[in-house]
Amino acid sequence: MHAEIVAIGSELTTGAKLDTNSQWLSLELSAIGIPVHYHTTMSDDIDAMVTVFRTAVERSEIVVITGGLGPTLDDLTRQALAQLADVELELHEPSLEFIQSLFARRNREMPERNAIQAMFPAGSESVRNPRGTAPGIWMHVARKEGHNHGRPPALVTAM
C-alpha cells in the first residue's frame, strides 16, 4: 500500500508560499508505515484538479489532498472531488452548525460564503477540523473499469 499527496494552491505553484504540508504529511505517513510515492503541487484549476485526482486514484491506494477547502471562490477541492466521483455536493448540517458556532463564539456574523464549507460530495464523510472552519473530506473513489485489476476503491481524504 502506498500514498500520494496532492497540494492545491496557486500560491504554491507561483512560489509565493512554500509547500510544507506535503513534507509533514510524508513524514507522518512514513511513521505509520505508509510510503509516499508521489507529490503533486498544482494551481486552483478545477479541470486540472479532476485530471490529477483521477491519475492519483488510478495509481495509489491512498490519496491525501491538502488545500482548497476554504470559503473563497478559488477553493475548488470539494467540487473537483464531486466531479471525480460523478456525484452532487450535499449539505452536511452538523458541519454547517459547527462552522456557525465558531463564528458565534467570536461574536461575528458568518459570511454566507462560508456555508460552502459544509457541502460534501454525496457518499463522503466529514472529518472534524479542530483548528479551522473547513472540515476535511473522507471518501472512497472507484477506479475506472478495466484499470482496477481487482483493487478496491482508493481512499481519498482532503484536509
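Observations
- Annotation: amide H-H contacts under 5 Å for TYR38 (H modelled 1.01 Å from N, sequence separation of 5 or more, or interchain): ILE5.
- Amide H contacts of THR66: VAL6, ALA7, ILE8, MET159, each under 5 Å away and 5 or more positions distant or on a separate chain (H built 1.01 Å from N in the peptide plane; Pro and chain starts excluded).
- Summarising the amide proton neighbourhood of VAL127: residues at separation of 5 or more, or on other chains, whose placed amide H is nearer than 5 Å comprise GLY136, ILE137, TRP138.
- Using Cβ point charges alone (K and R +1, D and E -1), the dipole size of the range 66-159 about the Cα centre works out to roughly 420 debye.
- Once the convex hull of all Cα atoms in the chain is built, its volume per residue stands at 118 Å³.
- Between the alpha-carbon centres of the range 1-71 and the range 101-138 there is a gap of 21 Å.
Taken together, the values in this text are just the output of simple stated rules run on the coordinates, not laboratory data. Bear in mind the structure is a predicted one, so any value in this text is a computation, not a measurement. Counting neighbours? That spans all protein chains shown, and the Cβs are built from the backbone with ideal geometry, glycine included.
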